[in-house]
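Accompanying notes for the structure given below.
The values are calculated or read from the model by the stated rules, or taken from the named source; none is laboratory data. Bear in mind that the values here come from a model prediction, so they are computed numbers and not experimental data. Note that we place each Cβ from the backbone using ideal geometry, even for glycine, and neighbour counts take in every protein chain shown.
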Amino acid sequence: MILQVVNTKPVPRTNSRSLRSFSSIASFVFHPLLIVTYMMILLYYIDIQEFSLISRNQFWKWLGFIFLTTVLFPFLAILVLRLAGSISDAFMHLPKDRILPLTSTLLFYSWAFYFFEFKALVPLLMRTLLLGAIFSIMIDLVINFFYKVSVHTTAAAMMPGIILTIMIIDPSMPVSILISVIFAAALVGWVRWWLGAHTIGQIFLGYSIGTSMQLIAWLILGSA
C-alpha cells in the first residue's frame, strides 16, 4: 500500500491577502473537529420533537462530553503527536501525517458513540450524527492511503447530511435551514480551494462521503 505524494505546502490560488486571510479564518471556524459540536447545538435549538423532553441542563452536560471527546481530546492528541515528532506538520498536508491523527480521532469519536448508545438515553439524531462522523473518518482514513480527500469538506457535508435526514423524518422542517447549512458547506469547499489545500475532486469527494455517511448511519440506527 503506497501513500500518494502531495505538496507539503499548498499554493494559494489567489494573490489577495484579504481573501487568503478570510479563507484561513473560515477554515479554522469550520474546523472538522468542531462540526459535531455545532450540529449538536443546532439540532437542540431547531425545535425537533425528539428533543422536547430533554432539559437544558441535561443537554449541556451531553454537549460538554461531546466537546471533550470530539474536540479537546483529539486536538490534544494531535498536539502530542506533533511535539513527539510523529507528524511533521500540524496542518497534516502529507498523507502519512494524517494516519495517526485520524486514527486517534476515530477512537475518541467511537468512545463518544459508545457512551451515547449504551450509557445515556440520547435522541436518535444525536447518535446518528456521531455514527455518521465515525463512518466518515473511517472512509477518509482508508482513502488517505491512495488519494488526498478533503477532511474539511467531509465534516462540513455532515451538516446538510443530518438536516436532509431530519427532513426525511419530518417534512415540515424549514427548507431555509437546509439552504443555510448547504451554504456553509459550500463556503468551506470554496475557501479550501482558494487556499490551494485541495483540488475540486478532493473537495467533492469529501462532500459525497460526509453527506452519504449521515444518511447511512440513520438507516442503520433507525432500523435497529
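For the reader, a short list of remarks on this structure follows.
- Whichever residue in the range 126-139 is surrounded by fewer than 24 Cβ atoms within 10 Å (Cβ to Cβ) and not β-branched (Val, Ile, Thr) and, among such residues, is farthest from the chain's Cα centre (by Cα): ARG127
- Conditions (1) under 15 Å from the mean Cα position of the chain (by Cα); (2) among the β-branched types (Val, Ile, Thr); (3) not in a helix (DSSP H, G or I); number of the one not met by THR70: (3)
- Considering the conditions (1) under 23 Å from GLY206 (Cβ atoms); (2) crowded, with 18+ Cβ neighbours inside 10 Å, VAL122 is excluded by exactly one of them, (1).
- Restricting attention to the range 81-119 and to residues that are out of contact with any Leu (no Cβ under 8 Å at 6 or more places or on another chain) and among the aromatic types (Phe, Trp, Tyr), the residue that is surrounded by the most Cβ atoms within 10 Å (Cβ to Cβ) turns out to be PHE108.
- Scanning the range 62-80 for residues that are of a type in the set (Phe, Trp, Tyr) and either surrounded by fewer than 19 Cβ atoms within 10 Å (Cβ to Cβ) or free of Cβ contacts under 8 Å to residues at least 40 places away in the same chain (or both) yields PHE65, PHE67, PHE73, PHE75.
Condition check ((1) touching an Asp or Glu at 6+ places or on another chain (Cβ under 8 Å); (2) among the acidic types (Asp, Glu); (3) over 21 Å from GLY189 (Cβ atoms); (4) modelled with pLDDT of 95 or more) across all residues:
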{"residue": "TRP60", "(1), (2), (3), (4)": "no, no, yes, no"}
{"residue": "THR70", "(1), (2), (3), (4)": "no, no, yes, yes"}
{"residue": "HIS93", "(1), (2), (3), (4)": "no, no, no, no"}
{"residue": "ILE143", "(1), (2), (3), (4)": "no, no, no, yes"}
{"residue": "ALA156", "(1), (2), (3), (4)": "no, no, no, yes"}
{"residue": "MET159", "(1), (2), (3), (4)": "no, no, no, yes"}
{"residue": "LEU164", "(1), (2), (3), (4)": "no, no, no, no"}
{"residue": "SER172", "(1), (2), (3), (4)": "no, no, yes, no"}
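- Here THR128 clears all of (1) among the hydroxyl-bearing types (Ser, Thr, Tyr); (2) in contact with a Ser or Thr (Cβ under 7 Å, 6 or more places away or on another chain); (3) without any contact (Cβ under 8 Å) to a residue 60 or more places away in the chain except the condition numbered (3).
- Taken over the range 93-119, the residue count meeting the criterion of being of a type outside the set (D, E, K, R) and in contact (Cβ under 8 Å) with a residue 40 or more places away in the chain is 11.
- Odd one out for GLY196, checked against (1) outside any helix (DSSP H, G or I); (2) of a type in the set (Gly, Ala, Ser); (3) at pLDDT 95 or above: (3)
- From the options VAL142, VAL122, VAL181, VAL149, residue that is among the aliphatic types (A, V, I, L, M), in a helix (DSSP H, G or I) and in contact (Cβ under 8 Å) with a residue 12 or more places away in the chain: VAL181
One line per residue, one yes/no per condition, for (1) within 19 Å of MET39 (Cα to Cα); (2) surrounded by 14 or more Cβ atoms within 10 Å (Cβ to Cβ):
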| residue | (1), (2) |
| --- | --- |
| GLY161 | yes, yes |
| ILE168 | yes, no |
| PRO174 | yes, no |
| LEU178 | yes, yes |
| LEU195 | no, yes |
| ILE200 | no, no |
| LEU215 | yes, yes |
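- Entry remark, the range 52-61: residues being part of a helix (DSSP H, G or I) and exposed (fewer than 15 other Cβ atoms within 10 Å of the Cβ) number 5 in total.
- Qualifying residue in the range 121-136 (condition: over 17 Å from TRP218 (Cβ atoms) and not small (Gly, Ala, Ser)): yes
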